[in-house]
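The values are calculated or read from the model by the stated rules, or taken from the named source; none is laboratory data. It should be emphasised that the depicted structure is a prediction, and the values quoted were computed from it without experimental measurement. Cβ sites come from the backbone with ideal geometry, for glycine too, and all protein chains shown count toward neighbours. Surface areas here come from the heavy atoms of the whole protein model, side chains and all, with no ligands, DNA or RNA. Shrake-Rupley method; radii C 1.70, N 1.55, O 1.52, S 1.80 Å.
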Amino acid sequence: MADRVCWALSDGRIGIENEVLGVAEAVGLPIRLKQIRPRPPWRWLPAQLWLAPFASLGPDGDPLTPPWPDLLIGCGRLAVPLSMAVRKASRGQTFTVHLQNPQIDPRHFDLVVPPKHDRVRGPNVLETLGAPNRVTAEKLRAGAEKLAPQVAHLPSPRVAVLIGGSNSCYKLTPTITERLAQRLRQLCRDAHASLLVTTSRRTGPANEAVLRETLRDLPAYVWAGTGDNPYFGLLGLADAIAATADSAAMVSEACATGKPVYVIELEGGNRKFRDFHAGLRAAGMTRAFSGRLERWTYPPLNDTAVVAAEIKRRLGLDR
């Protein structure tokens, strides 16, 4: 096993990178992170039109050259043609895994791992309920130990609040953020709770300003976005977690803790997101955020471990 290598193929986006690294870490092979930066016009075109995938890569990314890896884990649209090219160049010696829906026939990969709400079918398809991620008990413990001194003054119960932002399906505006912040104020008052708040790059300065102003006199820790990201610490120290509905990754990471997870609805959504959230609710993992705290338990979401186990089985690494 030690002489085998895994490439984790990423376009640099944090959500994509967390998925590929999470599965790669769970498999346990030595990992080489490959960040790809395809040049225009290739980055805008579907996989079928990339006539020379390796030549499409720009100099600001990592090259993809031999020796080819034993395992390649890719995620997202830009990884599709490059995973296919490595598989062909290695003459099938590289076992290729694609996380999420590749939008082409799954037969172009050795294993495809889409979420159930994408409704992809095939003999080499392994569906997941949520998004694979890097959350592990060890990371939660380490993150909690590091953050604990900064939030020791905050009373329990502590609620981690994960704020996303606008995307192609959902909308987050200052007005919506103000409504959310007022409900968080009510939660603190009624449940005598404190807040552990983090935002994302999609939240935006205007929404962040509303949050900080509305929550400024509450027992709350709001990450300023500088220094080491305390994300695992927030999840590890929280008694419950509230996450906005726009990010399947954030909600999946929250559910991987096994703690009560509240989904904060935003304006918008589509069929895939509705199916995703319905699946987690049916599994007893999430409930809608109403401004009240409840307690319930469920087995932590373990998609990452399930995917890693299947990869190891197919590569003979489980023997």
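Results, tabulated for the structure shown:
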read-out	value
Test: residue in segment 216-231 that is more than 30 Å from residue 271 (Cα to Cα), acidic (Asp, Glu) and within 24 Å of the chain's Cα centre (by Cα)	yes
Any hit, segment 184-201, residues being open to solvent by 40 Å² or more (accessible area, probe 1.4 Å) and in contact with a strand residue (DSSP E or B) (Cβ under 9 Å, 6 or more places away or on another chain)	no
Residues located in segment 138-150, provided they are closer than 30 Å to residue 101 by Cα and open to solvent by 60 Å² or more (accessible area, probe 1.4 Å)	138
Candidate set from segment 158-210 (those that are in a loop (DSSP other than H, G, I, E, B) and over 22 Å from the mean Cα position of the chain (by Cα)); member that is nearest to residue 266 (Cα to Cα)	173
Test for residue 69: is it at pLDDT 95 or above and at negative phi	yes
Residues (under 16 Å from residue 244 (Cβ atoms) and at pLDDT below 95) located in segment 275-305	290, 291
The listed residue being closer than 16 Å to residue 289 by Cβ, at pLDDT 95 or above and not aliphatic (A, V, I, L, M), out of 141, 158	158
Tally of residues being hydrophobic (A, V, I, L, M, F, W, C), under 17 Å from residue 307 (Cα atoms), open to solvent by 30 Å² or more (accessible area, probe 1.4 Å) and not in a strand (DSSP E or B) across segment 1-32	1
Test: residue in segment 212-229 that is part of a helix (DSSP H, G or I) and crowded, with 22+ Cβ neighbours inside 10 Å	no
Residue match in segment 61-81 (condition: open to solvent by less than 10 Å² (accessible area, probe 1.4 Å), of a type in the set (Val, Ile, Thr) and in a strand (DSSP E or B))	yes
Among the candidates 177, 257, 226, residue that is among the hydroxyl-bearing types (Ser, Thr, Tyr) and within 13 Å of residue 163 (Cβ to Cβ)	177
Criterion: on the phi > 0 side of the Ramachandran plot and either of a type in the set (D, E, K, R) or at pLDDT below 95 (or both) - qualifying residue of 91, 107	91
